[in-house]
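J.: Here it is, the structure in full.
The values are calculated or read from the model by the stated rules, or taken from the named source; none is laboratory data. Values in this document were obtained by computation on a predicted structure and should not be read as measured data. A quick note on method: Cβ atoms are made from the backbone with ideal geometry, for glycine too, and the neighbour counts reach across all protein chains shown.
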Number of protein chains: 2
Amino acid sequence: MSEYTGDEMVRIMAALSNPHRMRVVATLVRGATYVSQLARELQISRPLLQVHLRRLEAAGLVTSQLQISEEGKAMKFYSVQSFALQLSPESIARGANSLTLPDAEKDAEKGVRDE
Amino acid sequence: MSEYTGDEMVRIMAALSNPHRMRVVATLVRGATYVSQLARELQISRPLLQVHLRRLEAAGLVTSQLQISEEGKAMKFYSVQSFALQLSPESIARGANSLTLPDAEKDAEKGVRDE
DNA sequence: TGCACGTGCAATAGTTTCTTTGCACATGCA
DNA sequence: TGCATGTGCAAAGAAACTATTGCACGTGCA
């Protein structure tokens, strides 16, 4: 499996380092659900859940799919996307090499010479 | 290898989901260094680095040790602490089971007694 | 004495994250 | 019609995070 870039690692870790979002993933592992149902299970408000879902989707950890129920109601189902990221001093060090610098974005693209 | 609790996972991921702190870990993997030297290598200000180091130390990812150089100067050396955290939908689901609820979080943080 | 080097922290400001509240729009059914 | 269900988003405030600036203290040495 291909490794993640440093920026991807940051995005994934930031998305997962939140109790609500961890619980969302934990719930979706047991099967896809739609937003309102998920909000009831997790005991949080729907707008709050939507924010967290957007965050997880932006990190590529979940996907959404609009489905029309037989009663004609539009329901948005979310599913977990499979991912595997090993966190260790060495993997962090590897990821750090591919981080885009906030200051010098163009340097990171061409030159890799550090010291 | 023992697993981390959900709270520990959150703390570790939050600590690592920052470019500066990833670079700190990456640098320390190549050997322990002291604060000012580390700040020069990473091209960031020393106060900023100290904040990030405190963050990493609070998550248990690095340790510090005060050393007196031969010239009598006190230098604070930091080293990486070994850690291994596998991130996957399943590991997140397991961690989510041991998360302390938001209500109990305040008690655990403010209260002097743990359990 | 003055400079270079090491440590520490506080105050400030700007940005981001988290959460609530409120409103809008649909459909099905009694 | 009125209430249940589903969807969406924006505004607003509190809290946390990020980063800079400034000042304090120490040592060694020209």
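J.: Do you know which of the residues in the range B:25-50 that are outside any helix (DSSP H, G or I) and within 11 Å of DNA strand D (Cβ to nearest atom) is farthest from A:Glu8 (Cα to Cα)?
T.: Ranking the qualifying residues of the range B:25-50, first place goes to B:Ser45.
J.: Next question, about the same structure. Taking into account only those residues within the range B:51-73 that are near DNA strand D (Cβ under 8 Å from one of its atoms) and modelled with pLDDT of 95 or more, which is surrounded by the most Cβ atoms within 10 Å (Cβ to Cβ)?
T.: Only one residue fits best here, namely B:His52.
J.: I've got another one for you. Can you say whether B:Arg94 is modelled with pLDDT of 95 or more and not in a strand (DSSP E or B), as far as the supplied structure shows?
T.: When the stated conditions are applied, B:Arg94 passes them.
J.: Let me ask you something else. Can you tell me which of A:Met22, A:Met13 is crowded, with 16+ Cβ neighbours inside 10 Å, closer than 10 Å to B:Met13 by Cβ, in contact with a Leu (Cβ under 7 Å, 6 or more places away or on another chain) and touching a residue at least 40 places away in the same chain (Cβ under 8 Å)?
T.: Criteria check complete, one pass: A:Met13.
J.: Among the numbered criteria (1) out of contact with any Ser or Thr (no Cβ under 7 Å at 6 or more places or on another chain); (2) more than 15 Å from DNA strand C (Cβ to nearest atom), which single criterion is violated by A:Ala32?
T.: Evaluating A:Ala32 over (1) out of contact with any Ser or Thr (no Cβ under 7 Å at 6 or more places or on another chain); (2) more than 15 Å from DNA strand C (Cβ to nearest atom) leaves (1) as the failure.
J.: For the list (1) crowded, with 16+ Cβ neighbours inside 10 Å; (2) more than 8 Å from every other protein chain (Cβ to nearest Cβ); (3) under 20 Å from B:Arg94 (Cα atoms), I need the number of the one condition that B:Leu42 fails.
T.: (3)
J.: Please give the number of the condition A:Ser82 fails out of (1) modelled with pLDDT of 95 or more; (2) assigned to a helix (DSSP H, G or I); (3) away from DNA strand D (no atom under 13 Å from the Cβ).
T.: Result: A:Ser82 passes all but (2).
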